[in-house]
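What follows is a set of notes on a single structure, which appears directly below.
The values are calculated or read from the model by the stated rules, or taken from the named source; none is laboratory data. Every value quoted in this text rests on a predicted model; they were computed, and no experiment measured them. Heads up, the Cβs are rebuilt from the backbone with ideal geometry, glycines too, and the neighbour counts pull from every protein chain shown. Areas reflect the complete protein model, heavy atoms only, side chains present, ligands, DNA and RNA absent. Shrake-Rupley method; radii C 1.70, N 1.55, O 1.52, S 1.80 Å.
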Amino acid sequence: ESRVYGRPAPLAKNPVFNRHVLADMRKKVEQPIRGDIQILDSTVPSEVVETTRLGLMETPDGPLRVWKKPEQGGWYIVSVDTAKGLTGRDASCASVLRLGGTPTSPQLDMVAQYHGWINPLAYAEEVFKLAVWYNSALVVIELTGGYGEAVMLRMRQDFCYWNMFRDEQNHSQVDYRLDSRFGVETNVRTKPFMVAALQQFIKDEAINVPCEATIGELVAFEQE
């Protein structure tokens with residue numbers, strides 16, 4: 001997997017994802033609107049969630065890229081990856097996907113992506129605003145590495161955000177009547193399924209990624 005966002009990534013020797021589909025996807029890349037989500041003054045006209053007065057404030061170098069703004073009645077998922085927040089290392093990245101299609105034939109459309117070097121606690125606030133703006137989207141936080149835990153706790157305790165993904169219960173949790181765990185772990189058990197699912201979505205052309213940098217990451221992803 002390439003580590004530098006926005007730079008040309010080397011071709012993988014053993015590619016995981018269908019390069020022909022990714023090449024076709026690259027032809028449809030669109031330039032996003034850049035900015036960040038802010039609480040707006042009541043005098044500012046904007047397409048906002050009425051109860052929260054949130055809106056996109058455009059800036060040329062904003063950490064948020066938006067290809068499609070939230071649509072009324074749309075169902076959205078925010079996939080949250082958290083890094084340390086150190087410049088020059090991996091960045092935190094939250095991708096917003098619109099869910100469409102049918103239960104047996106789902107379609108995913110990447111509509112926005114937050115990408116930046118930011119403290120995990122401050123990142124939690126950006127994820128919260130992004131999720132609320134996209135119709136109280138389902139937030140899926142990766143916990144592996146520990147930094148996702150800080151985002152999870154702030155989302156739950158400080159912001160009381162309700163639409164959080166919970167991992168399915170295992171047998172020990174059922175036996176002792178424990179709640180399923182918030183967030184998702186990426187490990188030797190779950191990662192093969194995640195990769196296989198994305199492989200199938202790409203092969204079936206059931207996912208649209210308009211982001212050049214993200215497509216570059218997919219092209220560079222390889223099997224060792």
Tally, over segment 94-116, of residues that are modelled with pLDDT under 95 and either touching an Asp or Glu at 6+ places or on another chain (Cβ under 7 Å) or of a type in the set (Gly, Ala, Ser) (or both): 3
Any chance Ser180 is at pLDDT 90 or above and part of a loop (DSSP other than H, G, I, E, B): no
Selection within segment 103-115 - surrounded by fewer than 19 Cβ atoms within 10 Å (Cβ to Cβ) and either in a strand (DSSP E or B) or touching a residue at least 24 places away in the same chain (Cβ under 8 Å) (or both): Ser105, Pro106, Gln107, Leu108
Test: Tyr161 is in a helix (DSSP H, G or I), within 17 Å of the chain's Cα centre (by Cα) and at pLDDT 90 or above: no
Tally, over segment 141-158, of residues that are free of Cβ contacts under 8 Å to residues at least 60 places away in the same chain, open to solvent by less than 50 Å² (accessible area, probe 1.4 Å) and closer than 10 Å to Phe128 by Cβ: 1
Boolean, Glu125 is under 13 Å from the mean Cα position of the chain (by Cα), surrounded by 13 or more Cβ atoms within 10 Å (Cβ to Cβ) and at pLDDT 90 or above: no
Checking Ser79 against (1) at pLDDT 90 or above; (2) over 17 Å from Asn135 (Cβ atoms), the condition it does not meet: (2)
Tally, over segment 128-158, of residues that are more than 15 Å from the chain's Cα centre (by Cα) and either in a strand (DSSP E or B) or among the charged types (D, E, K, R) (or both): 4
Residues located in segment 16-41, provided they are part of a loop (DSSP other than H, G, I, E, B), touching a Phe, Trp or Tyr at 6+ places or on another chain (Cβ under 9 Å) and open to solvent by 30 Å² or more (accessible area, probe 1.4 Å): Glu30, Gln31, Pro32
